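Shown next, in C-alpha cells, is the structure this report addresses.
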Amino acid sequence: LVHFGEKFDSSTCQKTCDNCVKVTSFVEKDVTESAKQLVELVKLTGQKVSASHILEVYRGSLSQMVKKHRHETVRLHGAGKHLAKGEASRILHHLVVEDFLAEE
C-alpha cells in the first residue's frame, strides 16, 4: 500500500490483505538519528537533487555527481555509511510517505 501512497490501517483489515497474509518477521530498530540526518542532508544539499543522490551522499559516495555538486564537503557526507543501501533507502522513502519530505 505504501508503494501507492496509501496508509495502512490495521483496524479496517479483515486478515485478507497481503500485509496480514504474508508471514514475515521484523526487527524493530530505532532509526530516529538517521531520519534526522537525512532531513538535514536534504536541506544542506539545496533540496534540488534526487533521492538516489541524497542516498549516495549520505552513504559516502565519491561519484562524479557527488563531486560535481561538491557534496563530498557537506558535513553529513558519509554519515550513513553504516547502513546498507536498501536500509537507508527505506528510511528516506518512509520520510516521504509520512510527509516529512516531499518529492517534486
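Worth pointing out:
- When the criteria are applied in full, GLY80 meets the requirement of being touching a residue at least 12 places away in the same chain (Cβ under 8 Å), touching a Phe, Trp or Tyr at 6+ places or on another chain (Cβ under 6 Å), in a loop (DSSP other than H, G, I, E, B) and of a type outside the set (Phe, Trp, Tyr).
- Close pairs from region 29-48: first within 13 Å of HIS77 (Cβ to Cβ) and in contact (Cβ under 8 Å) with a residue 12 or more places away in the chain, partner of a type in the set (Ser, Thr, Tyr) and not in a loop (DSSP other than H, G, I, E, B), Cβ under 6 Å, at least 6 apart: LEU41/TYR58
- Test: residue in region 88-95 that is in a helix (DSSP H, G or I), free of Cβ contacts under 8 Å to residues at least 60 places away in the same chain, exposed (fewer than 12 other Cβ atoms within 10 Å of the Cβ) and small (Gly, Ala, Ser): no
- Filtering region 53-69 to residues that are surrounded by 12 or more Cβ atoms within 10 Å (Cβ to Cβ) and in a helix (DSSP H, G or I) leaves HIS53, ILE54, LEU55, GLU56, VAL57, TYR58, MET65, VAL66, LYS67.
- Screening ARG75 against (1) under 25 Å from GLU6 (Cα atoms); (2) not in a helix (DSSP H, G or I) leaves a single unmet condition, (1).
Every number here is computed from the coordinates shown, using simple stated rules; none is lab data. Being a predicted model, the structure only gives us computed values, none of them experimental. Reconstructed Cβ throughout: ideal geometry from the backbone, glycine too, with neighbour counts over all protein chains shown.
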